[in-house]
1. Among the residues of segment 297-324, which ones are open to solvent by 40 Å² or more (accessible area, probe 1.4 Å) and in contact with a strand residue (DSSP E or B) (Cβ under 6 Å, 6 or more places away or on another chain)?
2. Hand me the list of helices (runs of 4 or more DSSP H) wholly inside segment 96-160 holding 1 or more residues that are surrounded by 21 or more Cβ atoms within 10 Å (Cβ to Cβ) and within 16 Å of the ligand (Cβ to nearest atom).
3. Given the condition out of contact with any Gly (no Cβ under 9 Å at 6 or more places or on another chain), part of a loop (DSSP other than H, G, I, E, B), under 18 Å from Leu290 (Cα atoms) and within 16 Å of the ligand (Cβ to nearest atom), answer yes or no: does some residue in segment 78-85 qualify?
4. Would you please list the contacts, defined by Cβ atoms under 8 Å and residues six or more apart or on different chains, that run from a residue in segment 35-46 that is closer than 12 Å to Gly292 by Cα and at pLDDT 95 or above to a residue that is away from the ligand (no atom under 16 Å from the Cβ) and not in a helix (DSSP H, G or I)?
5. Regarding segment 325-332, can at least one residue be identified that is open to solvent by 10 Å² or more (accessible area, probe 1.4 Å) and assigned by TED's automatic domain parsing to the domain that holds Ser96?
6. Name the single residue that is farthest from Leu227 (Cα to Cα) among those in segment 260-284 being open to solvent by 20 Å² or more (accessible area, probe 1.4 Å) and part of a helix (DSSP H, G or I).
7. Scan segment 25-34 for residues that are without any contact (Cβ under 8 Å) to a residue 60 or more places away in the chain and either open to solvent by 60 Å² or more (accessible area, probe 1.4 Å) or at positive phi (or both) and jot them down.
Amino acid sequence: MTFASGLTTGHQAGAHRLARYRSEFPIFRDRIYLNTCSLGALGERARNKVVEFVDLWQARGASAWYDVWWAALSELRGRYARVIGAAPEAIALAPSVSVALSVLAESLDYVRRPKVVVTSLDFPTVAYQWLAKRGRGIELVVVESPDQISVPVEAIGRAVDERTALVATSHVYFTSGAIQDIRAVADAAHAKGALCLIDAYQSVGQVPCDAPAAGVDFLTAGGLKWLLGGPGIVFLYVRAELARTLAPAIAGWFGHRNQFAFEPRSLEWHEDARRFELGTPSLAAIYAQLGGLGYIEEIGVPAIRDVTAALTEDLIARARAMGLRPKVAARGEDRSAIVMLPMEDPADRVRHLAAAGIIADARPGHVRLSPFFYNVQDDYVAALERLAAQSRH
Ligand SMILES: Cc1ncc(COP(=O)(O)O)c(C=O)c1O
């Protein structure tokens, strides 16, 4: 049998056209890695860029800032921008989604619009931004999911009103892997004059994402998972008009238009998204991301999606055939490469897999498997066989 992507079964089990990249990810020499939705595997290109950074640090110290490291920051903004179809000026760098959201959350006017709408399936750090502001009169509305897989956009629309400042939700839910229609979410928010923020940490790199075309106001994602850059580097996309007009109530010198004037008496914002940046970024993380992004750019997200969709559909079909009951979206086009397998004691299952050299992930009530372009069919077949055998005992 051959899939549209070229994934084959039978004696060539696991072969597909992107499997040639696998040799650049050394973890596969002695492990089966199926946990990209938690942390992308380290590729040689990311490692080499980090080594380049420490070599520069060692050889040149601070003098590397002016001609090399400064340029690395704008290079990364530009390359992040291209992945989501945006202009470089729309990108601010931050060390984590939580920090990016903190600056954004301090930029909104809650006087006439004290409400923020999230869903029960979003990563909790999104909700925490606004729960932390309850003492200031901010109300958080959590729209429930009827099936723990997705949230009907109509339900989000019903929760939005003239008192809503922001709808903040995910592109791909970390809880189910389901892909949300972010254009429809943005429309629902805008229909009542609210803004729309998308946490795309679980989507950018594995499924196509065009922030300007979707009409969202803000979108965040970063290195940790599907962009293969490791921890410590994310971006915040800010729609052009907002990037020129919003004034965050927390600030750092990287947001200042003329930061090297060292002028403490006035704060003049950058005329672009850099006004959302705070302090000195982690250059090691930036270098790792520049290296990891090389894979994503060279292959292209549509080609990655093609291969990972075939792997995911095959994984789901095989899991079902083994008597497991994956919790995934009903339609293939709404599924990403995160597959939730409902199981008792998932942490114990994941420990057993790890003992056999298979790295998977546990979430409450589920084992999570997340194949990426460097995975092959044999990887998840090995994981599923162990999980199914354990379930029979
Ligand atoms: C969807 C999503 N958002 C946010 C985070 C975490 O964000 P932060 O960078 O603040 O740790 C994760 C997981 O690490 C996630 O899966």
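1. Matches in segment 297-324: Arg305 only.
2. Result: 97-105, 124-131.
3. Looking through segment 78-85, at least one residue is out of contact with any Gly (no Cβ under 9 Å at 6 or more places or on another chain), part of a loop (DSSP other than H, G, I, E, B), under 18 Å from Leu290 (Cα atoms) and within 16 Å of the ligand (Cβ to nearest atom).
4. Ala41/Phe25; Ala41/Tyr33; Ala41/Tyr374; Leu42/Phe25; Gly43/Phe25; Glu44/Phe25
5. So far as segment 325-332 goes, no, none of its residues is open to solvent by 10 Å² or more (accessible area, probe 1.4 Å) and assigned by TED's automatic domain parsing to the domain that holds Ser96.
6. Top of the filtered list is Ala261.
7. Scanning segment 25-34 gives a single hit, Arg29.
Condition check ((1) away from the ligand (no atom under 16 Å from the Cβ); (2) outside the structural domain of Gln129 (by TED's automatic domain parsing); (3) basic (Lys, Arg)) across all residues:
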site	(1), (2), (3)
Gly215	yes, no, no
Leu219	no, no, no
Leu227	no, no, no
Gly232	no, no, no
Tyr237	no, no, no
Arg244	yes, no, yes
Ala249	yes, no, no
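The values are calculated or read from the model by the stated rules, or taken from the named source; none is laboratory data. Being a predicted model, the structure only gives us computed values, none of them experimental. Heads up, the Cβs are rebuilt from the backbone with ideal geometry, glycines too, and the neighbour counts pull from every protein chain shown. The area values use the complete protein model at the heavy-atom level, side chains included, leaving out ligands, DNA and RNA. Shrake-Rupley method; radii C 1.70, N 1.55, O 1.52, S 1.80 Å.
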